[in-house]
Amino acid sequence: MKFIVNRKEMYNAVRKALKTASPVNDIVITEGVLIEADADKNIVSVICTDLRTRIMCMVRAQSVTESGSMILKPIVCSMLKLLDGETAEFYTDSLNRNEVNIKSGRAIYTVPFKEASEFPTVPTPYPQDMICIEGINHLIKRTAFAAEDKQVDGNQKILQFVNLRFNGSA
């Protein structure tokens, strides 16, 4: 696997995807960031899940020389933030089979990874009904203020939610 992306865009994608992964997660298989590089589409996908929710962010790569996929630890987000170069290059070599090098500017991290086959799949019940929404976090923040944080019997919280409805066709 080998690809080059804008470091800030990759950092933002990993940061957004990690919002679905709980820091206090008892399920080890959900701890990690699935990175998939597609040379045909020149796209890098960043995916995280907690087995109920799955967030996938896509980053347009500057180049994808070799397609592939891997699971990295969430610490990769902090690494991308600390790097100083404009681009980040991810590449594996034949000597270190289960390690990826992340290079940006004058710094290089060598990080172990897991095989992508170990990442849990989240079934999509109605794939034909999937939609892409930009600005959903902003929309929810502007709407969720009306949901109060009430407690019943001292400890139980009332289940509250934001109901989103989409009408029309694409």
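The values are calculated or read from the model by the stated rules, or taken from the named source; none is laboratory data. Remember, it's a predicted structure, so these values are computed and weren't measured experimentally. Heads up, the Cβs are rebuilt from the backbone with ideal geometry, glycines too, and the neighbour counts pull from every protein chain shown. For the accessible areas, the whole protein counts, side chains as well, though only heavy atoms, and no ligand, DNA or RNA atoms are used. Shrake-Rupley method; radii C 1.70, N 1.55, O 1.52, S 1.80 Å.
The set of residues in segment 92-121 being surrounded by 16 or more Cβ atoms within 10 Å (Cβ to Cβ) and more than 17 Å from I35 (Cα to Cα) consists of S104 alone. Among residues of segment 59-86 that are closer than 13 Å to A17 by Cβ, those with a Cβ under 6 angstrom from a residue that is of a type in the set (G, A, S) and buried (at least 17 other Cβ atoms within 10 Å of the Cβ), sequence gap 6+ or separate chain, pair up as V59/A13; I71/G32.
Look through segment 18-52, keep the residues that are open to solvent by 20 Å² or more (accessible area, probe 1.4 Å) and among the polar types (S, T, N, Q), and return whichever of them is modelled with the lowest pLDDT.
Step one: list which residues in segment 18-52 are open to solvent by 20 Å² or more (accessible area, probe 1.4 Å), which gives 18-19, 21-29, 31, 36, 38-43, 50-52.
Keeping just the survivors that are among the polar types (S, T, N, Q) gives 22, 25, 42.
Values: S22: 57, N25: 52, N42: 95.
It comes out as N25.
Taking only segment 53-91 into account, find how many residues are β-branched (V, I, T) and crowded, with 18+ Cβ neighbours inside 10 Å. Result for segment 53-91: 5.
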